[in-house]
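Provided herewith is a single structure, encoded as structure tokens, for subsequent inquiry.
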Amino acid sequence: MVHFALRTLLYDRVRFLIAVGGVAFAILLMLVLRGIMDGTVAKSTAYVDHVGADVFVAQQGVQHFALTSSVVPVAAEPAARAVPGVRAAVGIVSVPLVARIGGHEAAVRLVGFDPAGGLGGPWAMASGTASIDAGGVIVDRTLASSEGLDVGDTLTLAGQQFTVQGLSRGTNALAGKVVFVTRDVAARMVGTEGAYSYLLVQADHGVSADEVAARLRTALPDTSVMTRAEFSRNERDLLTGLFVTPVNVMAVIGMLVGIMVVGLTIYTVASERLRDFGVLKAIGASNRYVYLVILRLGLLVGMIGFVVGLSAGYLVKPLVEYFVPDLGIAYRPEFILAVLGIAAGMSLLSALLPVYRIAGVDPKEVFKA
């Protein structure tokens, strides 16, 4: 039956390629759109995920990092250090800012950290040093590359000139690439002396982040205390909400295009070969057999199109990330499986129309002159 379905499908190879191309386009569109959403959101939470803190302490009511501002009293830092199970607690200053580079402006996320504190600064360096002084700045290497900056060059932040002393890796987010200065300098720049934006807390070995977070909530009652997992999830949920509607709309459009292309192809093939199906019925083939042939036609197109679309998705991924460094693409295995199911359902659905037409074929008609 599969052999017969494949021969029927290859009856017109141009039409077969068009059908496979339609499905592949739909699969590619769904994969790339969702992959960009997941990859870009993951990039946007890179600081929270990789900075090394197990627990984050923020201003009461603050649940996010990238799109909010927070103020935590300096006194909260020693109070957090005194909590049992806390290995380290370090305050940072973090605000969105506009940097002036070479005559134009760029949105960045300013992070002021204590280079001697061992927490809060860049976790991976492309070049230069993370041990900056009061006149130094660490710039995300993607931002540096796009602006023609290198170690030793200067840039202006809030009217103050800094020397680039290091380039960091993995700190480019769509909402603003991270730029690091010392904590005291950042506090003076934004006028928050006597306060931090967040506390980054590390738990002792053998103590869970949840335990430390519960103790910190008791010790610092007027703050928001979140584990890294909670803070990152809040951030991802917020950013995903900004993407999900347009991504879903485009994915539905791609799926409808695939259904129409496959449906029209199979309908045309079936219509042109009605006589062949009539002969099959005349020599004893049941309607069920003929229906299964048509459904297999659709399923074959869908599966071949899925493989082509998935392969194209992995070929597109490095190109997108190379030409648009702010974006990331991540293909999660569970979503690939979901797309496989969509491809199968889309193909079977597109085969329903020709099934109805073939069901009405009278075997006697094929023997008339």
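If you check Leu216, Leu238, Leu242, Leu143, which single one turns out to be within 19 Å of Gly85 (Cα to Cα) and either of a type outside the set (S, T, N, Q) or at pLDDT 90 or above (or both)?
Leu216
Something else about it: Filter the range 211-239 down to the residues that are surrounded by 15 or more Cβ atoms within 10 Å (Cβ to Cβ), among the β-branched types (Val, Ile, Thr) and outside any strand (DSSP E or B) and list them by number.
Once the filter is applied, which keeps residues that are surrounded by 15 or more Cβ atoms within 10 Å (Cβ to Cβ), among the β-branched types (Val, Ile, Thr) and outside any strand (DSSP E or B), the range 211-239 yields only Val212.
Can I ask one more? Being in a strand (DSSP E or B) and among the small types (Gly, Ala, Ser) is the requirement here; does Gly170 meet it?
Taking the combined requirement at face value, the residue does not satisfy it.
Please determine whether any residue of the range 340-359 is modelled with pLDDT of 85 or more and either touching an Asp or Glu at 6+ places or on another chain (Cβ under 6 Å) or part of a helix (DSSP H, G or I) (or both).
yes
Right, another one. Counting only residues that are modelled with pLDDT of 90 or more and among the polar types (S, T, N, Q), which one in the range 160-191 is surrounded by the most Cβ atoms within 10 Å (Cβ to Cβ)?
Ser168
Please name all residue pairs, on different chains or six or more residues apart, with Cβ atoms under 8 Å, provided the first residue is in the range 142-161 and is outside the structural domain of Pro325 (by TED's automatic domain parsing) and the second residue is basic (Lys, Arg).
Thr142/Lys177; Leu143/Lys177; Leu155/Arg100; Thr156/Arg100; Leu157/Arg100
How many residues are at positive phi and at pLDDT 90 or above if we restrict to the range 66-123?
So the count comes out to 2.
Just wondering, is there one or more residues in the range 80-88 that are surrounded by 20 or more Cβ atoms within 10 Å (Cβ to Cβ) and in contact with a Phe, Trp or Tyr (Cβ under 7 Å, 6 or more places away or on another chain)?
No, because not a single residue in the range 80-88 is surrounded by 20 or more Cβ atoms within 10 Å (Cβ to Cβ) and in contact with a Phe, Trp or Tyr (Cβ under 7 Å, 6 or more places away or on another chain).
The values are calculated or read from the model by the stated rules, or taken from the named source; none is laboratory data. Predicted, not measured: the structure shown is a model, and the values here were computed from it. Cβ: placed from backbone, ideal geometry, glycine included. Neighbour counts: every protein chain shown.
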